[in-house]
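None of the figures in this text is laboratory data; all of them are computed from the coordinates on show. Being a predicted model, the structure only gives us computed values, none of them experimental. With ideal geometry, Cβ positions are generated from the backbone for all residues, glycine too; neighbour counts draw on all protein chains shown.
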Amino acid sequence: MPMRAARVPSRVRRAVARLVPTSATRRALLLLGATVFFASAALQSTTSGWNVTTRLDLVLAIVDHGEVTIDRYHDTPPYDTNDKAFYDGHFYSDKTIGLTMLAVPVYAAARVVAAVAGHTLSAADTLWVLSRGAVSTTAALAAMLLAALLIRLGAVPRKAVLATAGMFFGSMLFGYSTVFMPYLPGIAACLGALLILLSPPLTAWRAAAIGGLLGFALILDLMFVFAVAAIVVLLLARLRPLGWRRGSRLAVATGGAALVPIGILVGYCIAIFGSPSIPYKYEYDDFFREEMAKGVMGATMPKPNVMWFLSFHPYRGLLFWSPWIAMIIVCSVWILRRDRRLRPLAIAAIVVFGAYFVFNSGYYLWWGGAAMGPRLMLPMFGVVPLVLAVACRADSPRWMWRALVATLVIGVALSLPVSMVEPGTAEGNTIAQLLDPPVGAHLSVPQLDRLGSFYSLQWSQIVPSGVGKAAGHWLLCLAIVFAGTWLAHRTARRGERAEPV
């Protein structure tokens, strides 16, 4: 027995060593993950809204009352929501249940701790705990996985750490690391599957782990379908040289494991609705139900005018707020021309980016409600950033790394203040103005107003009351972001000198 107990940690150490080669690099990745987590934990406010509260309601119903109906909460402030399904006289959350599966044990543990401490959890307390416990933790994991993947693809560790920090704090990624939504957990699941896939040997257990992670990403949010499909294609390409017998065995292991989380969602829907129909079919709001019934999950033909607002326009422009995303295209083209080994990743990045862009442009609610950017495109970050590894390599052209750093700095300057102030920025326009706006439409951009007030230090315009307390949290968050990134970068650099990789 003692011998067996001693073997387990050594196996874990060997597995970790295969994924991340040096101990110094592992410390740097841990520091990076800690930076993402503690920076989000430093923020006091929590984004609410229908999308968030419907998920919160389901967690409360399960843990507090042992039921999946949200009848007790759906119309009771501050738990009221219009994101709900109505069936057979009862109200249900209209979302998939992956995030609920993560949040239920977090809330159950928080209830026990609160009871021991003699404290009653308010709605704000509960939302903060769930956002940090189920989302910020997986966001930290996603940051570590992304940096580890860049290193595995040839990036210099210190550059991989710096680039990953820039991507997180220079985009919606950090903002939605603080919001009780499923995007960061799903991104972490996709990146975890990719790291296993790109870390030989591919055994049956590893194939099953890939399948389980991809299946879980899908039940976190169905919008992960394009990212998951791309990873499946990369897996099949990996299986092809292994021969029919071994490849089939690994494919079955992957598919079987993926069916476990998917089966849980199907069973949940059958238990409630009597069929595997997802809750959107029973949407309570007439407008949402009718629009979701059109096309594919509410997406019809892509609209060129909407593409403008999703790309360069400040209202929801991905390239406006995070110009480093343009480097994904640059690096993909460079790989296609010069790096045959990474060509499948470049093709996957381009296809996934295009798929989310086209789908989002045809979606009826393309702006994503109250949001700092096109949040429906967030799942693409489970695949597309990997091509940036070529800009982080020691042998990459200097202009490529400098261009990436410059665009990352701009992204951080634009996105980080909005992430800290309120990721769920108000829409600022009526639905009638947003449904099909012409290219020349003058849409209000609330994010720019927040950004201007932040940099001009007119913080009372952002937080009319309690500005001192809010400012303290923002300054603490900024200190953690920059100090943590510097420390992680420094640790990775020292590791390169001591243990060249």
When Lys and Arg each count +1 and Asp and Glu each count -1, what net charge do the other residues less than 14 Å away from residue 178, Cβ to Cβ, add up to?
+1
In a Debye calculation with equal point scatterers on the alpha-carbon sites of the stretch 49-190 and no solvent, what is log10 I(q)/I(0) at q = 0.11 Å⁻¹?
-0.48
Signed unit charges on C-beta, dipole axis of the stretch 46-496, positive-most listed residue 386, 169, 101
386
Hits for the chain under the membrane-span-like helix rule (DSSP H, Cα axial span at least 20 Å, Kyte-Doolittle mean at least -0.5) are 2-19, 23-41, 50-65, 98-117, 137-152, 183-197, 204-220, 225-239, 244-273, 343-362, 398-421, 467-498
Debye, to nearest 20: dipole size of the chain, +1 on Lys, Arg Cβ, -1 on Asp, Glu Cβ
3440
Classify the stretch 179-258: rounded, prolate or oblate, from the alpha-carbon gyration tensor (a ≥ b ≥ c, eigenvalue square roots; a/c under 1.5 rounded; otherwise prolate if a/b is larger than b/c)?
prolate
Note down the net charge around residue 135, summing +1 for each Lys or Arg and -1 for each Asp or Glu among other residues with Cβ under 15 Å from its Cβ.
+3
Sort 132-139, 249-256, 190-197 by the packing proxy (mean of other Cβ within 10 Å over each peptide's residues), most packed first.
190-197, 132-139, 249-256
Which one of 451, 371, 237 is farthest out on the positive end of the charge dipole of the chain, using unit charges on Cβ (Lys, Arg +1; Asp, Glu -1) and the Cα centre as origin?
237
Is it possible to state the helix-based mean residue ellipticity at 222 nm for the chain, with each DSSP H run of 4+ residues giving -39500 (n - 2.57), the sum divided by total residues, to the nearest 500 deg cm²/dmol? What is it?
-20500 deg cm²/dmol
Measuring from centroid to centroid over Cα atoms, what is the spacing of the stretch 411-440 and the stretch 99-173 in Å?
24
Which peptide among 359-372, 450-463, 472-485, 324-337 comes first, and what is the full order, when sorted by highest mean count of other Cβ atoms within 10 Å?
359-372, 324-337, 472-485, 450-463
For the chain, what does the relative contact order come out to in percent, with C-alpha contacts under 8 Å and a separation of six or more?
22
Quick one: give the max-minus-min coordinate of the C-alpha atoms of the stretch 46-496 along each principal axis, largest first, in Å.
61, 60, 54
Among 304, 474, 327, which residue has its Cα positioned farthest towards the positive end of the charge dipole of the chain, with +1 placed on the Cβ of Lys and Arg, -1 on the Cβ of Asp and Glu, and the dipole taken about the Cα centre?
327
